[in-house]
Structure formats: C-alpha cells, structure tokens
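Comments concern the structure below.
The values are calculated or read from the model by the stated rules, or taken from the named source; none is laboratory data. Being a predicted model, the structure only gives us computed values, none of them experimental. Please note: Cβ atoms are built from the backbone with ideal geometry, for glycine as well, and neighbour counts cover all protein chains shown. Keep in mind that these areas ignore ligands, DNA and RNA; they rest on the heavy atoms of the full protein, side chains included. Shrake-Rupley method; radii C 1.70, N 1.55, O 1.52, S 1.80 Å.
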Amino acid sequence: MTVSTSPLSAAATSPHRAPDGLWFGKDLSTPDPISEEAIARAVELMRTGRLHRYGEQGSGYPEPSLLEQDYAAYVGSKYCVAVNSCGAAMFIALKALGVKAGDKVLTNSFTLAPVPGAIAHVGAQPVLLETRPDDYTTDLDDLALKLATSGAKVFLLSHMRGHITDLQAVRGLCDRHGVALVEDCAHTMGAKWNGRHTGTWGLVGCYSAQTYKHINSGEGGLLVTDDDDLAAQAILMSGCYMMYEQHILRPSNAVFERWKYVTPNFSMRMSNLAAALLRPQIGMLARRGKTWNHIYAMLETQLQKVPGISVPQRPPQEEFIASSIQFSLAMESAQIWVFLQECELRGLYIKWFGGQEPKAFTSNYAHWHYITEKPVLTHSMAVMKQLLDLRTPLSLTEADCELIGQIVVAAAAIAAQRI
C-alpha cells in the first residue's frame, strides 16, 4: 500500500463531515493578540520613523538594547543579544565558538529544520544523536559515545517541542570531553531544569520570538551568554556597525578591541519595531505558562484514555511550558495516515513527524539530504514514525479539550480497523 505524506488539505473545510457529527474546526495556529501596550509603543515608533536598530545621533538606547536588558534579568544572564531569528542566534553562537567549514557539531535527531540549518550555515556537518522513546529527549548513552568518538567540539542541544534533556547530566558529559554546550530554547522560553532557566546551562542559549513561540514579534531571536568574548563577537556579528556602546549590556571596550577588526557584520540584529512588540510580553510569560500547562494537563488526560496512545514522561526536575503537546500512536504508517484523515474530516489538524515528505513546520532528519553523513538511528526513526504533534493555543477551553479527546478516540478506533 502506498502511504501519502499528509491528509487532504481541504478535508477540514469540506462540507462532507464525519457521520458521527464530531466537528472541531478551531484554528489551532491562532496566536494570542499583541497587547495594547506593545501596539501603542510600535505605533509611536512608526510615527518617528526610527525603526532601524541603531541611530547615529540622539539620546537614549534603542529598543533592542532595552529588551536585552529585560530578558537577561529575566533568565539571570550577564549578556543578551537580540537578533532577527533563533536560527540567526544559533548561527552566531556557532561562529563565535569558532566552528568552521568541515567541522562536526553534535545535535538531536528530533529537532526542527533550522537547527541543522544553522550548522549547515557555518559549513559544518551535523552529527545526529539517538532519541529516547519515552520522553523524546536525547539518548545520553549515545551522546557519551559520540562526545568521545566524533571529534565534535560543540553540542547544539535542541529542547525540541519543550522536552528538556537532563541538563545536569549533559553539562557533566560535555565538560568531561571539553565540548561547548549551546542550547536551542526556541520551545522552552521560561522553562527550567532543576530551578534554572534553560539556555543558561551551556555557554550560549538561543530563544525564539516567532509567532508560534512563547512571545511573538512575528520573527525574532535572543542569544544569552555570560562570556565576554562570545558576547562581543555576537554584538559585532549581529551588525552593530561599531556602535556597540548603544548596547546597555556589553563587555568592556578592551574586549571589543580584540574582535572588532576580525569579526564580520552579518546584519542579523533585531529591529526596533520587533523589540518594542516583545518587551511587554516578557512580563506575561508566567501567566501564559500556567495557562499552557493547564491546557496540556487537560489534553493529556483525554489522550491517555485512547488505546495505543502514549504521552511522554515528564521528570520532576523539568519545569516545562507546553505550547504544544506530542504523543505516540502505536500503529503502522498506513493506519496513522487514516487516523490523520479522520481527525481532519472532523476539523482537527494534527501533524505527523513520520511522513514520507516534510510538511510545513514538521519534518524529520531523513528529509534533510544535505546531511551527507547520517548514522543508522534505529530508535529515532521508530519514534518519528509514530510521533504526532498538536498545537495548544491559549484560547483552548476545557470543552475544546474534551472535544479533541472525542475526535481522537473516534479516529483511532477507525484507524485500528484498517490493516
């Protein structure tokens, strides 16, 4: 049987609905509105025309510098550099750490395309690590093996979809082998491991402000570090035009003297407008986190009622913020395809990491053909083939979660009959 890669895109809007009458139809990609405070500041900026990240004259600090100060205080970092995407933050982190063309960089096999993309951007080769089936995090035994044998000097660890690998264990392994740890925290802004923010366990942490993340400027990224030389390079690479004194958080001029003539300007700094939209949202993270986790708990209760579905384990050290939920469905690919069709027939869009082709924000390492050296990752591919993904907008209600559960039960029952 030939298995297609995704449900029919028209299914959710088709007038031919399921005979059981179940219909969800809410757009799960709907973000929270931008606050009135942020809108007012953005309008004020537009009236001045000062949307660029620096000004040659004038008093005060630009919006990205104020955002950097706010965010560094929030996570407890010495420095923060605001850039135009989390992908840019990862690229700059790798460049600042001295990663060169042909180098190897360790990274997850379960991650999003911009993570290996950042490695490819510096000309390096990703070395993929196995994924654990019980919690979708990096297999520490495989990490220990490849730290010792790969020759990589950097581990770009992605907390994919908010699932946090044991960061104390990871940091210990990296330190033992002299490997720098960079954290991709695109899905863990505000989350912690053992009381300490993700992004602060390694040399560099990278965060996202894309619309579907925890704070929203459409696109944007934040890089944090406590290292003077990494911070200076990040400021220069992001495109400061030697106006680094417009950064509130910056190393001394003596540090910049070491780097300013040898560091390229990649023009990746965040704009004034994006920073203005983000600053008020930092104070909303705690409230949003509680709401997201409440929604997650309601959906987890519903999903655990369904035969064949397992929801990942969450260790007590993990203080997560769940802006989405993932689960495994113990069925063959052809049956999962039927399950997805039946869900979409009822207005519920669920994504699948095991499809033959990449779709939108969902892909797996088998789709990234530019990675020329791929190990056989038996456990990872087994995980991907059954891994499903559901966005959890803040607007979801208890009734919505119950309806999602009913649809998943109905779709799984029909899929189970297809052999």
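A quick yes/no check of all residues on (1) assigned to a helix (DSSP H, G or I); (2) farther than 23 Å from Gly283 by Cα; (3) open to solvent by less than 20 Å² (accessible area, probe 1.4 Å); (4) out of contact with any Leu (no Cβ under 7 Å at 6 or more places or on another chain):
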position: Gly151; (1), (2), (3), (4): no, yes, no, yes
position: Leu157; (1), (2), (3), (4): no, yes, yes, no
position: Thr165; (1), (2), (3), (4): no, yes, yes, no
position: Ala169; (1), (2), (3), (4): yes, yes, no, no
position: Arg176; (1), (2), (3), (4): yes, yes, no, yes
position: Val182; (1), (2), (3), (4): no, yes, yes, no
position: Ala186; (1), (2), (3), (4): no, no, yes, yes
position: Gly190; (1), (2), (3), (4): no, no, yes, no
position: Gly199; (1), (2), (3), (4): no, no, yes, yes
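Would you say Ser208 is in contact (Cβ under 8 Å) with a residue 60 or more places away in the chain, in contact with a Lys or Arg (Cβ under 7 Å, 6 or more places away or on another chain) and open to solvent by less than 10 Å² (accessible area, probe 1.4 Å)? Taking the combined requirement at face value, the residue does not satisfy it. Of everything listed in (1) under 17 Å from Ala412 (Cα atoms); (2) surrounded by 23 or more Cβ atoms within 10 Å (Cβ to Cβ), the single unmet condition for Ser323 is (1).
The residue of the range 41-63 that is modelled with the lowest pLDDT, among those that are open to solvent by 60 Å² or more (accessible area, probe 1.4 Å) and part of a helix (DSSP H, G or I), is Thr48. Scanning the range 84-126 for residues that are over 10 Å from Val154 (Cβ atoms), more than 15 Å from the chain's Cα centre (by Cα) and in contact (Cβ under 8 Å) with a residue 60 or more places away in the chain gives Ile92, Lys95, Ala96, Ala120, Gln125, Pro126. Gly354 passes every criterion in (1) modelled with pLDDT of 95 or more; (2) in contact with a His (Cβ under 7 Å, 6 or more places away or on another chain) apart from (2).
Residue by residue, here is whether (1) assigned to a strand (DSSP E or B); (2) touching a residue at least 60 places away in the same chain (Cβ under 8 Å); (3) in contact with a Gly (Cβ under 9 Å, 6 or more places away or on another chain) holds:
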{"position": "Asn265", "(1), (2), (3)": "no, no, yes"}
{"position": "Asn293", "(1), (2), (3)": "no, no, no"}
{"position": "Glu300", "(1), (2), (3)": "no, no, no"}
{"position": "Met331", "(1), (2), (3)": "no, yes, yes"}
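Filtering Ser238, Ser328, Ser252 for residues that are at pLDDT 95 or above, among the hydroxyl-bearing types (Ser, Thr, Tyr) and open to solvent by 20 Å² or more (accessible area, probe 1.4 Å) leaves a single hit, Ser252.
Selection of the range 333-373 for residues being touching a residue at least 60 places away in the same chain (Cβ under 8 Å), open to solvent by 20 Å² or more (accessible area, probe 1.4 Å) and of a type in the set (Gly, Ala, Ser) yields Ser333, Ala334.
Residue by residue through the range 64-83, note down the ones that are in a helix (DSSP H, G or I) and in contact (Cβ under 8 Å) with a residue 40 or more places away in the chain. Let's see the steps before the verdict.
Going residue by residue through the range 64-83, those that are in a helix (DSSP H, G or I) are 64-75.
Result: Pro64, Ser65, Leu66, Leu67, Glu68, Gln69, Asp70, Tyr71, Ala72, Tyr74, Val75.
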